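The values are calculated or read from the model by the stated rules, or taken from the named source; none is laboratory data. Keep in mind it's a predicted model, so treat the numbers as computed, not measured. All Cβ positions, glycine included, derive from the backbone under ideal geometry; neighbour counts span all protein chains shown.
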Amino acid sequence: MLKSNLRKKLIKDRKLKKKNIKISLNSFYNFVKKYNIKNKIIGGYYPVNSEIDDLSILKDLNDKNISISLPVIGNNFNMNFYKWSFNDILYLNKYGIPEPKKILLVYPDIILVPLLAFDKRMYRLGYGGGFYDRYIEKVSKIKNSIFIGLAYSFQKILSIPNNKFDKKLNAIITEKYILK
């Protein structure tokens, strides 16, 4: 199946199957405790289109004075992360996704990644813009960041079609299990 057809099917499935499913804060903290997150910057995303909601994780991190950031979409399918707090205003980008103001560019140590589907090899299928694949490529030349996909367990499929531009994640956390 072509990636574009697969995306359409997966977006429809996700909207139908999503029923207030959340990632447990305990599951998240149990997985990231080995990274000493107190001194790290965590990159999240603002959930849209029935993506798994990471805002409760980001809020808890923010309340614990752990630095958080959100992506900002730039020109030529580029993306960067900017420091953000729940006290800061968000602005809608051209895709209708809330973004922080471009004040302090950061390179997160741990980045939470939304997805449409994933497979056991840690490949993800996104919306097709390649924003996260490009970002993983770029930041990997700067630092050794950890990329964690957040997903509903029903988003796992047998195999994600991939090419040389597709980047693997380090782990995927669902409401039922952690794939690493």
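With respect to (1) loosely packed, with under 14 Cβ neighbours inside 10 Å; (2) in a helix (DSSP H, G or I); (3) β-branched (Val, Ile, Thr), the lone exception for residue 32 is condition (1).
Identify the residue in segment 49-84 that is over 21 Å from residue 149 (Cα atoms) and either in contact with a helix residue (DSSP H, G or I) (Cβ under 6 Å, 6 or more places away or on another chain) or not in a loop (DSSP other than H, G, I, E, B) (or both) and, among all such residues, is modelled with the highest pLDDT. Filtering first and then ranking leaves 63. Name the single residue that is surrounded by the most Cβ atoms within 10 Å (Cβ to Cβ) among those in segment 114-128 being assigned to a loop (DSSP other than H, G, I, E, B) and under 14 Å from the mean Cα position of the chain (by Cα). Once the filter is applied, the top-ranked residue is 116. Of everything in segment 157-172 that is in contact with a helix residue (DSSP H, G or I) (Cβ under 8 Å, 6 or more places away or on another chain) and either among the polar types (S, T, N, Q) or more than 19 Å from residue 13 (Cα to Cα) (or both), the residue that is modelled with the highest pLDDT is 171.
Could you please let me know if residue 12 is surrounded by fewer than 18 Cβ atoms within 10 Å (Cβ to Cβ) and within 18 Å of residue 148 (Cα to Cα)? Step through it out loud before you land on a result.
Working: surrounded by fewer than 18 Cβ atoms within 10 Å (Cβ to Cβ): yes; within 18 Å of residue 148 (Cα to Cα): no.
Here the answer is no, as residue 12 does not meet what is asked.
Counting just the residues of segment 139-167 that are under 23 Å from residue 5 (Cβ atoms) and of a type in the set (D, E, K, R), which one comes out farthest from the chain's Cα centre (by Cα)?
Our first condition is that a residue be under 23 Å from residue 5 (Cβ atoms); within segment 139-167, this holds for 149, 151-167.
So of that shortlist, the ones also of a type in the set (D, E, K, R) come out as 156, 164, 166-167.
On the way: 156: 15, 164: 20, 166: 15, 167: 13 Å.
For segment 139-167, the residue satisfying everything is 164.
For the criterion of being over 24 Å from residue 160 (Cβ atoms) and out of contact with any helix residue (DSSP H, G or I) (no Cβ under 7 Å at 6 or more places or on another chain), residue 45 fails.
Quick grid of which residues meet (1) on the phi > 0 side of the Ramachandran plot; (2) without any contact (Cβ under 8 Å) to a residue 12 or more places away in the chain; (3) more than 13 Å from the chain's Cα centre (by Cα); (4) surrounded by 15 or more Cβ atoms within 10 Å (Cβ to Cβ):
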residue	(1), (2), (3), (4)
46	no, no, no, yes
54	no, no, no, yes
61	no, no, yes, yes
74	no, yes, yes, no
85	no, no, yes, no
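Looking for whichever is among the aliphatic types (A, V, I, L, M) and part of a loop (DSSP other than H, G, I, E, B) here; the options are 111, 142. Which one fits?
Numbers: 111 fails: part of a loop (DSSP other than H, G, I, E, B).
Result of the check over 111, 142: 142.
Residue pairs whose Cβ atoms lie under 8 Å apart, separated by 6 or more positions or on different chains, with the first residue in segment 88-110 and on the phi > 0 side of the Ramachandran plot and the second polar (S, T, N, Q), do not occur.
Scanning segment 89-100 for residues that are outside any strand (DSSP E or B) and surrounded by 13 or more Cβ atoms within 10 Å (Cβ to Cβ) turns up 93, 97.
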